[in-house]
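K.L.:
Quick one: the structure is below, and I'll ask about it shortly.
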Amino acid sequence: MKPTTLSHLRQWKLDGRKFATLTAYDFSFARLFADEGIQVMLVGDSLGMTVQGHDSTLPVTVADIAYHTAAVRRGAPQALLLADMPFMSYATPAQTFDSAAQLMRAGANMVKLEGGDWLCESVKMLTERAVPVCGHLGLTPQSVNIFGGYKVQGRDEEAAERLLTDALALEAAGAQLMVLECVPVSLAQRITTALSIPVIGIGAGNVTDGQILVMHDAFGITGGHIPKFAKNFLAETGDIRAAVRHYIADVEAGNYPAAEHSFQ
């Protein structure tokens with residue numbers, strides 16, 4: 001199988017073909033996901049909570065992400081692999097370049113940054129230096145202390161307009177992919193339509209070009225609070241491989257996320 005590239009994702013958006021993605025953190029699950037048809041994976045700083053046992057993503061380091069990125073790359077050599085830039089790893093241009101270089105050398109095809117138009121200069125500089133960038137808007141977990149918790153974003157018109165403006169600014173700066181987390185479906189629709197780059201949703205309804213789930217949420221092994229947008233595909237199949245295939249099929253058909261997994 002040929003490697004999945006950003007060109008494929010752009011063509012899928014033009015064709016109206018929805019695609020499913022998952023987070024991955026190790027060789028074995030990455031290989032399993034690739035075998036069952038997951039072509040895009042994210043080494044998310046969610047590993048701080050799902051793997052390391054922290055109560056937020058903030059303790060995760062660049063070295064942590066690089067370690068897991070290398071493992072996932074070995075398991076899924078043909079996947080389009082995104083790697084999160086963790087908290088305070090892109091506060092200055094020099095820091096941004098160093099962090100991104102470490103993750104790309106570890107095997108990432110693209111780095112993901114959380115934030116709005118204040119990131120435009122960094123996005124432009126990274127893309128000029130051959131580092132593709134994925135933006136992340138809406139609920140940005142690294143800002144949990146600013147938000148006062150994990151809350152839906154963009155509910156009022158002013159906040160919605162700000163997110164749309166940020167999305168357009170990031171695309172203009174060179175971002176080639178966008179993640180929208182925990183926003184109302186109507187806003188996700190506006191942003192997905194406005195952008196020419198593919199939009200991946202999590203808690204953003206079934207109107208985005210793609211979907212992503214933390215693998216632990218997809219298999220029902222998340223401890224404590226279960227996000228509204230999560231669905232346990234393993235419970236419906238009883239087999240991890242079948243669960244992955246079921247997830248892909250539901251996303252491609254537009255059946256997931258359903259109304260009960262979305263915010264109005």
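K.L.:
Between Leu58 and Gln264, what length comes free when the chain is fully extended (0.36 nm per residue of separation minus the Cα-Cα distance, one decimal in nm)? Display every interim value, and only then the final one.
P.N.:
Values: separation 206, 0.36 × 206 = 74.16 nm, distance 2.86 nm.
71.3 nm is the gain from fully extending Leu58 to Gln264.
K.L.:
Exposure proxy check: Lys18, Lys151, Lys2 ranked by fewest other beta carbons within 10 Å? Show your work: numbers first, answer last.
P.N.:
Numbers: Lys18 21, Lys151 10, Lys2 6.
The fewest-first ordering by Cβ neighbours comes to Lys2, Lys151, Lys18.
K.L.:
OK, next. Determine ³J(HN,Hα), in whole Hz, for all residues of the stretch 133-146 in sequence, where each value follows from phi through the Karplus function 6.51 cos²θ - 1.76 cosθ + 1.60 and θ = phi - 60°; x replaces Gly and Pro.
P.N.:
Residue by residue, the stretch 133-146 yields 10, 10, x, 8, 10, x, 6, 9, x, 5, 9, 4, 6, 7 Hz.
K.L.:
Using a basic spin-label model with each label point 7 Å from the Cα along Cα→Cβ, how many nm lie between Asn145 and Gln95?
P.N.:
1.2 nm
K.L.:
What is the extension gain from Asp15 to Ser28, computed as 0.36 nm multiplied by their sequence separation minus the C-alpha to C-alpha distance, in nm to one decimal?
P.N.:
Numbers: separation 13, 0.36 × 13 = 4.68 nm, distance 3.19 nm.
Contour length minus Cα-Cα distance gives 1.5 nm.
K.L.:
Could you work out how much longer the chain between Gln78 and Glu157 gets when fully extended? Use 0.36 nm per residue separation minus the Cα distance between them, nm to one decimal.
P.N.:
On the way: separation 79, 0.36 × 79 = 28.44 nm, distance 4.09 nm.
Length gained between Gln78 and Glu157: 24.3 nm.
K.L.:
If you don't mind, another one. Using label points projected 7 Å from each Cα along Cα→Cβ, tell me how many nm separate Met88 and Leu168, to one decimal.
P.N.:
Spacing of the two 7 Å Cα→Cβ label points: 3.5 nm.
K.L.:
For the stretch 37-52 and the stretch 72-110, compute the distance between their C-alpha centroids and round to whole Å.
P.N.:
Their Cα centres are 13 Å away from one another.
K.L.:
So, in nm, how far is label Ser186 from label Ser7 when the simple model puts each one 7 Å beyond its Cα toward the Cβ?
P.N.:
Between Ser186 and Ser7, the simple spin-label model gives 4.0 nm.
K.L.:
Related question: Quick one: order Trp12, Trp118 by neighbouring beta-carbon count within 10 Å, fewest to most. Don't skip to the end; give the middle numbers.
P.N.:
Details: Trp12 17, Trp118 9.
Ascending number of Cβ neighbours within 10 Å: Trp118, Trp12.
K.L.:
Right, something else. Does the stretch 1-123 come out rounded, prolate or oblate, given a ≥ b ≥ c as the square roots of the eigenvalues of its C-alpha gyration tensor, rounded meaning a/c under 1.5 and, failing that, prolate meaning a/b above b/c? All intermediate terms of the calculation are to be shown ahead of the outcome.
P.N.:
Values: a/c = 1.79, a/b = 1.26, b/c = 1.43.
Taking the square roots of the gyration eigenvalues as a ≥ b ≥ c, the stretch 1-123 is oblate.
K.L.:
Rounded to the nearest 0.05, what FRET efficiency do Asp35 and Ala249 give with R0 = 22 Å and r taken as the Cβ-Cβ distance? Could you check? Mind showing how you got there, number by number?
P.N.:
Numbers: r = 16 Å, r/R0 = 0.71.
Given R0 = 22 Å and the Cβ-Cβ separation, E is 0.90.
K.L.:
A follow-up question, please. Do the alpha carbons of any pairs in Lys2/Lys112; Lys2/Lys124; Lys124/Lys231; Lys2/Lys151 sit beyond 31 Å of each other, and which pairs?
P.N.:
Details: Lys2/Lys112 23 Å; Lys2/Lys124 29 Å; Lys124/Lys231 36 Å; Lys2/Lys151 39 Å.
Violating the 31 Å limit, Cα to Cα: Lys124/Lys231; Lys2/Lys151.
K.L.:
Give me Asp84, Asp239 sorted ascending by neighbouring Cβ count inside 10 Å, so fewest comes first.
P.N.:
Details: Asp84 32, Asp239 10.
Going from sparsest to densest Cβ surroundings: Asp239, Asp84.
K.L.:
So, one more: Roughly how many whole Å is it from the C-alpha centroid of the stretch 221-258 to that of the stretch 111-189?
P.N.:
If we compute the Cα centre of each part, the gap is 25 Å.
No lab work stands behind these numbers, since they all come straight from the coordinates. Predicted, not measured: the structure shown is a model, and the values here were computed from it. Every residue, glycine as well, gets a Cβ built from its backbone with ideal geometry; the counts of neighbours run over all protein chains shown.
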